[in-house]
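Colleague: I am attaching a structure below and will ask some questions about it afterwards.
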Amino acid sequence: MIKSFPKDFLWGGAVAANQCEGAYNEDGKGLSIQDVTPKGMIAPMTEKPTEDNLKLVGIDFYHRYKEDIKLFAEMGFKVFRLSIAWTRIFPNGDDAFPNEAGLKFYDDVFDECHKYGIEPLVTISHYETPLNLAKKYNGWADRRTIGFFENYVRTIFNRYKGKVKYWLTFNEINSIIHIPLLGGIVKENPTKQELYQAVHHELVASAMATKIAHEIMPEAKVGCMVIAVPIYPLTPNPDDMIATLDADRSNMLFTDVHVRGKYPAYAERFFRENGIEIKTEPGDEEILKNTVDFISFSYYMSACQTSDPEKLKVKGNIMGGIKNPYLKESQWGWQIDPKGLRYVLNTMYDRYEKPLFIVENGLGAKDVLTDDGKGSKTVNDDYRIEYLNDHLVQIGEALEDGVEIMGYTTWGCIDLVSASTAQMSKRYGFIYVDRNDDGSGTLTRYKKKSFYWYKEVIKTNGKSLKD
């Protein structure tokens, strides 16, 4: 029997500006690090934007947002997660005044959402450090970036305070440890000292943004956003259990600070043993006390951990760890673990007792466009339906466990450019976008089979799901 979802559960989908908007050089927008990384988020930067960077066009959401939001409304979305491109508002990041054309664009997008009764859920910084800040200051490694970020958040909070209720500060903030460039750090092979100093700057900036949001918009809800990867010990060996504890804490450090308002006790040992000495300024400790209203996270996979260095050589997922012999994997080698979502929901709620929001979850797959028999085209993506159905069933189980869950937004609700590979062929959406890895295509939108499946899930508030 399918477990019931709350009546006010926020069903929807999620995208990011750098993966869908395109129009990278229109209406005063400046360059971000995404505009010069054509091969994905771990590839080297180019000197300037190049034609092979699919993100420069994306799926042209910038010009087609009305068409796309109308499709989301047809599915019944209650919430739409999107991000603001920092360089549309402050083209260089350190500008004295904002770009009005960029501000107006998001005004129009939010108005279109509200036209259909869709609540925007806005990520303030989604892997889009302004290129100027990355080159001039090495991104978040430099303390001065906090001040530029403060100017940015004050601007958008004052502008959109009547239109946006739900905010996220940094997308997958813990990713900076694995991929420093996502924090605008362009220096090659940064030391742990440099990495965790940048982490501190982001944590201070996030808490400061939360404080400012609550001052300007008392009714607003602000959340942190992390990559959630439940980690299982590979064996019952106690050494594997300790290795799992350490790996888990590397992620929990970020939520601990966001929710508890201070560094956890175990961080002191970690910093000491790794030669890290966080440089703070007066007021940092007080700023960090501005804790979030809820915790949001992405969930795609779980991982295993071991103390055996030989076994660690065989990686299991993009976030590290090793393969779990009990799980199957996607076409891109990401192991699929629906029950891991129930596990991580329970462990997070047990630890923090804060509302949780799953803001990314989905299956990247190579879809095949076929005739739908009605004069149009579609994708028979039963594999995506199965993946999402199984994860949603586990969310229902977590609700029965007593976990407070605000909502669920599938990743890439419309096909977009993959963050990890910069491909179009790694598709997540309910809506197929006719664009290929070589940049060809008409950008025409087609509804996949999963479009109608998700529409029914929302309409029935989850009752149509199958165990």
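The values are calculated or read from the model by the stated rules, or taken from the named source; none is laboratory data. As the structure is a computational prediction, the values presented were derived from the model and not from experiment. Positions of Cβ are generated from backbone atoms using ideal geometry, with glycine treated the same way; all protein chains shown enter the neighbour counts.
Colleague: Within the range 377-405, how many residues are of a type in the set (S, T, N, Q) and either at pLDDT below 95 or in a helix (DSSP H, G or I) (or both)?
Modeller: 2
Colleague: Going through Tyr452, Tyr408 one at a time, which residue ends up being at pLDDT 95 or above, of a type in the set (Phe, Trp, Tyr) and assigned to a strand (DSSP E or B)?
Modeller: Result of the check over Tyr452, Tyr408: Tyr408.
Colleague: Quick check on the range 113-153: of everything there that is in contact with a helix residue (DSSP H, G or I) (Cβ under 9 Å, 6 or more places away or on another chain) and in a strand (DSSP E or B), which residue is farthest from Ile358 (Cα to Cα)?
Modeller: Within the range 113-153, the match that is farthest from Ile358 (Cα to Cα) is Pro130.
Colleague: Just the residues that are aromatic (Phe, Trp, Tyr), closer than 24 Å to Phe80 by Cβ and out of contact with any Asp or Glu (no Cβ under 9 Å at 6 or more places or on another chain), please, taken from the range 361-420.
Modeller: Answer for the range 361-420, where residues must be aromatic (Phe, Trp, Tyr), closer than 24 Å to Phe80 by Cβ and out of contact with any Asp or Glu (no Cβ under 9 Å at 6 or more places or on another chain): Tyr387, Tyr408.
Colleague: Same structure again: Just to be sure before I move on: is Val457 in a loop (DSSP other than H, G, I, E, B), surrounded by 20 or more Cβ atoms within 10 Å (Cβ to Cβ), modelled with pLDDT of 95 or more and touching a Lys or Arg at 6+ places or on another chain (Cβ under 9 Å) in the structure I sent?
Modeller: So Val457 does not fit the description; no.
Colleague: Which residue out of Ser450, Ser418 is touching a residue at least 12 places away in the same chain (Cβ under 8 Å), surrounded by 17 or more Cβ atoms within 10 Å (Cβ to Cβ) and over 21 Å from Lys78 (Cα atoms)?
Modeller: Checking each option against the conditions leaves just Ser418.
Colleague: Kindly check whether there is at least one residue in the range 19-35 that is under 20 Å from the mean Cα position of the chain (by Cα), at pLDDT below 95 and either surrounded by fewer than 24 Cβ atoms within 10 Å (Cβ to Cβ) or of a type in the set (Ser, Thr, Tyr) (or both).
Modeller: Looking through the range 19-35, none of the residues is under 20 Å from the mean Cα position of the chain (by Cα), at pLDDT below 95 and either surrounded by fewer than 24 Cβ atoms within 10 Å (Cβ to Cβ) or of a type in the set (Ser, Thr, Tyr) (or both).
Table: residues versus (1) in contact (Cβ under 8 Å) with a residue 60 or more places away in the chain; (2) over 21 Å from Ser250 (Cβ atoms).
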| site | (1), (2) |
| --- | --- |
| Gly183 | no, no |
| Thr191 | no, no |
| Leu195 | no, no |
| Ala198 | no, no |
| Ala205 | yes, no |
| Ala209 | yes, yes |
| Val222 | yes, yes |
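Colleague: With the structure loaded, tell me whether Ala398 is crowded, with 19+ Cβ neighbours inside 10 Å and more than 22 Å from Gln34 (Cβ to Cβ) or whether it fails that test.
Modeller: yes
Colleague: The conditions are (1) touching a Pro at 6+ places or on another chain (Cβ under 6 Å); (2) in a helix (DSSP H, G or I); (3) under 25 Å from His126 (Cβ atoms); (4) not small (Gly, Ala, Ser), and Thr244 fails exactly one of them. Which is it?
Modeller: In the conditions (1) touching a Pro at 6+ places or on another chain (Cβ under 6 Å); (2) in a helix (DSSP H, G or I); (3) under 25 Å from His126 (Cβ atoms); (4) not small (Gly, Ala, Ser), Thr244 misses (3) alone.
Colleague: In the range 303-339, how many are among the basic types (Lys, Arg), in a loop (DSSP other than H, G, I, E, B) and modelled with pLDDT under 90?
Modeller: Here the count works out to 1.
Colleague: Across the range 161-174, what is the number of residues that are over 11 Å from Ile124 (Cβ atoms), touching a residue at least 12 places away in the same chain (Cβ under 8 Å) and over 14 Å from the mean Cα position of the chain (by Cα)?
Modeller: Counting residues in the range 161-174 that are over 11 Å from Ile124 (Cβ atoms), touching a residue at least 12 places away in the same chain (Cβ under 8 Å) and over 14 Å from the mean Cα position of the chain (by Cα) gives 4.
Colleague: Evaluate the range 330-345: report whether one residue or more is closer than 20 Å to Thr421 by Cα, loosely packed, with under 12 Cβ neighbours inside 10 Å and aliphatic (A, V, I, L, M). Let's see the steps before the verdict.
Modeller: Filtering the range 330-345 down to residues closer than 20 Å to Thr421 by Cα leaves 330-336.
Subsequent filtering for residues that are loosely packed, with under 12 Cβ neighbours inside 10 Å retains none.
No - not one qualifying residue is present in the range 330-345.
Colleague: Would a scan of the range 44-59 turn up a residue that is under 19 Å from Gly412 (Cα atoms), touching a strand residue (DSSP E or B) at 6+ places or on another chain (Cβ under 8 Å) and crowded, with 17+ Cβ neighbours inside 10 Å?
Modeller: Yes - at least one qualifying residue is present in the range 44-59.
Colleague: Residue by residue through the range 419-449, note down the ones that are modelled with pLDDT under 95 and either more than 21 Å from the chain's Cα centre (by Cα) or of a type in the set (Gly, Ala, Ser) (or both).
Modeller: Answer for the range 419-449, where residues must be modelled with pLDDT under 95 and either more than 21 Å from the chain's Cα centre (by Cα) or of a type in the set (Gly, Ala, Ser) (or both): Ala419, Ser420, Ala422.
Colleague: Being of a type in the set (Lys, Arg) and farther than 17 Å from Pro130 by Cα is the filter here; which residues of the range 162-214 pass it?
Modeller: Lys163, Lys165, Lys192, Lys211
Colleague: Then there is this: If Val186 meets every condition in (1) surrounded by fewer than 24 Cβ atoms within 10 Å (Cβ to Cβ); (2) modelled with pLDDT of 95 or more; (3) touching a helix residue (DSSP H, G or I) at 6+ places or on another chain (Cβ under 7 Å); (4) under 25 Å from Phe90 (Cβ atoms) apart from one, which number is that one?
Modeller: For Val186, the failing item is (2).
Colleague: Here are the criteria: (1) surrounded by 14 or more Cβ atoms within 10 Å (Cβ to Cβ); (2) under 30 Å from Gly362 (Cβ atoms). Tell me which single one Pro325 does not satisfy.
Modeller: Going through (1) surrounded by 14 or more Cβ atoms within 10 Å (Cβ to Cβ); (2) under 30 Å from Gly362 (Cβ atoms) one by one, Pro325 breaks only (1).
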